[in-house]
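Each remark here refers to the structure printed beneath this line.
Read-outs throughout are calculated quantities, based only on the coordinates presented, and are distinct from any laboratory measurement. Quick caveat, the model's predicted, so the values are computed rather than measured. All Cβ positions, even for glycine, are placed from backbone atoms using ideal geometry, and neighbour counts span all protein chains on display.
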Amino acid sequence: MRRRGYSTTKHIAAVATARKLAMIIWHMLSKNTDYIWARPALLARKFRSVELRAGLPTSHARRGTAFDYNIPAKRAEERSRVEKAEAAYAAATSRWRTRPNRQNAVEKAAE
């Protein structure tokens with residue numbers, strides 16, 4: 001019996017996303033590397049925002065690593081590096097073949 005509002009497609013998408021995240025984490029831990037698409041200045045800014053919201057003291061007149069996000073050239077360089085990595089990944093995976101739908105394969109074989 002199907003539950004109201006339950007979608008098999010959403011379930012499959014959630015499982016696929018969880019698997020992809022697990023594989024990324026496994027590769028990062030086993031190879032002891034950073035996330036390839038990380039943007040250090042953006043990440044530092046986000047961490048600093050969380051620190052300030054949590055009540056850590058502000059440090060006026062001192063520029064930390066989070067300030068790099070305010071520099072347009074630095075932000076553009078990080079963005080272009082990430083876009084190149086994503087393009088390389090897309091090129092590498094574009095040659096992958098997906099398995100044919102079993103139902104369609106059976107119908108074609110029957111013809």
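At most 16 other Cβ atoms within 10 Å and a DSSP loop assignment: could you name the trypsin sites (Lys or Arg not before Pro) in segment 1-88 that fit? Qualifying residues, ordered by number: Arg2, Arg3, Arg4, Arg62, Arg63. Taking the charge dipole of segment 1-81 about its Cα centre, with +1 at Lys and Arg Cβ atoms and -1 at Asp and Glu Cβ atoms, the residue from Thr9, Leu29, Pro72 reaching farthest to the positive side is Thr9. Cross-link partners of Lys46 among lysines, defined as those whose alpha carbon lies under 27 angstrom from its own and excluding same-chain residues fewer than eight positions apart: Lys20, Lys31, Lys74, Lys84.
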